[in-house]
């Protein structure tokens, strides 16, 4: 099923708002890495993932690839 990542993200984070914040931060890092690759594309051949950065970030979060630490434990 395509939306299994939603269930996994709900298990990992406290709520979807927290998941969105974590995924957004990861998506920005993926995007900056992708822009750096595009700048190097003139000099060498670079393979760039065509998926949207938010999709990649949410998938990585659901698979446990993205690690995060809560700074304000209650």
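Tabulated results
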{"quantity": "Single match in 6, 22, 56 (criterion: surrounded by 12 or more Cβ atoms within 10 Å (Cβ to Cβ) and modelled with pLDDT under 85)", "calculated": "6"}
{"quantity": "Pairs with Cβ under 6 Å, 6+ apart, first in the range 26-38 and on the phi < 0 side of the Ramachandran plot and without any contact (Cβ under 8 Å) to a residue 12 or more places away in the chain, second outside any helix (DSSP H, G or I) and surrounded by fewer than 15 Cβ atoms within 10 Å (Cβ to Cβ)", "calculated": "37/46; 37/48"}
{"quantity": "Set 6, 22: member being touching a helix residue (DSSP H, G or I) at 6+ places or on another chain (Cβ under 7 Å) and part of a helix (DSSP H, G or I)", "calculated": "22"}
{"quantity": "Boolean, residue 16 is without any contact (Cβ under 8 Å) to a residue 24 or more places away in the chain, more than 15 Å from residue 70 (Cβ to Cβ) and surrounded by 11 or more Cβ atoms within 10 Å (Cβ to Cβ)", "calculated": "yes"}
{"quantity": "Residue within the range 64-73 that is surrounded by 12 or more Cβ atoms within 10 Å (Cβ to Cβ) and in a loop (DSSP other than H, G, I, E, B) present", "calculated": "yes"}
{"quantity": "Subset of the range 36-63 (residues that are within 30 Å of residue 7 (Cα to Cα) and not in a helix (DSSP H, G or I))", "calculated": "48, 49, 50, 51, 52, 63"}
{"quantity": "Residue count for the range 25-53, restricted to those that are surrounded by 13 or more Cβ atoms within 10 Å (Cβ to Cβ), under 14 Å from the mean Cα position of the chain (by Cα) and over 20 Å from residue 67 (Cβ atoms)", "calculated": "1"}
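The values are calculated or read from the model by the stated rules, or taken from the named source; none is laboratory data. Just so you know, these numbers come straight off a predicted model, no measurement behind them. Neighbour counts run over all protein chains shown; Cβ positions are idealised from the backbone, glycine included.
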